[in-house]
Structure formats: C-alpha cells, structure tokens
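Just below is one structure, and these are the notes that go with it.
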C-alpha cells in the first residue's frame, strides 16, 4: 500500500513539473514572437512580464514610466495577435488606456509628460477561442 501511495505521489509530481515546464516554454515562445512588436526603434526595459491565465483571470503588472520618454507596450498571448486585452491605470485607478477600445491592438505607443507609476492589467479576450494561455507584456522605450 505504501509503495502505491509513493508511486502515485511521484507520478503526480512528475505530471505537475511537466505542465509547469511546458507552460514556461510556451511563455518563452510567445515572448520571443512578441519581440517583433517592439520593433527596431524601441529597446526592451529588460523586465519579464508574464502570467499564465486561466478562464477569466486577470494578471496585474506594475511599471514606472518616466516623463518625456516614449514607450511601447506589446501584449501577446497564443499564436496570433489580438487575444489579450490590456488596461493601463494610474496610481488612483483612473483608466488611461485599453487596447479593447482599439480592436485589441497588439502594441501601442505612449508618451508621458511626467513620471507616472502605473498598473497594467491583462485578460484573455473571452470572445476569442482561447480560454487559457500565457500572457506576455513587453515594455520598450524609444532610443
């Protein structure tokens, strides 16, 4: 009996580890493909904004944008563009931008007049066929 329980635990752990590594590999693939949306004129801020989303979960990321700089947000999930809805809020939770108002554009450029701390939320578009997946957000600044 003890052997069966030990074998079951090992099998369960192996399956979990495989799923986690597969999820990270999926995120790596999406992140590499999302880099094309930054273009040559934007340099990545070097951060990895990634989250595995299931059903109607929301990923939350925090970023500081410095005044006078132009930034590009690139949002990707799955193999095609337009699967991820991103919303940018200021520190008082005022909505500054939603790509949902722009056909889920996979990237958008911003210029901030002053330095601003923002919260960025990401959701899978429930009108698309994707019910789960890796959300990748890249932030770049103009050279």
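The values are calculated or read from the model by the stated rules, or taken from the named source; none is laboratory data. Owing to the predicted nature of the structure, the values given are computational and were not obtained by experimental measurement. Backbone-built Cβ (ideal geometry, glycine too); neighbour counts: all protein chains shown.
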Residue 13 meets each of (1) at pLDDT 90 or above; (2) out of contact with any strand residue (DSSP E or B) (no Cβ under 8 Å at 6 or more places or on another chain) with one exception, condition (1)
Residues of segment 80-122 satisfying the condition of being closer than 17 Å to residue 50 by Cβ and out of contact with any helix residue (DSSP H, G or I) (no Cβ under 9 Å at 6 or more places or on another chain) | 83, 119, 120, 121, 122
Check every one of the strands (runs of 3 or more DSSP E) wholly within segment 43-143 and list those with 1 or more residues that are surrounded by 15 or more Cβ atoms within 10 Å (Cβ to Cβ) and in contact (Cβ under 8 Å) with a residue 40 or more places away in the chain.
-> 49-54, 59-65, 70-76, 84-89, 107-111, 116-124, 132-142
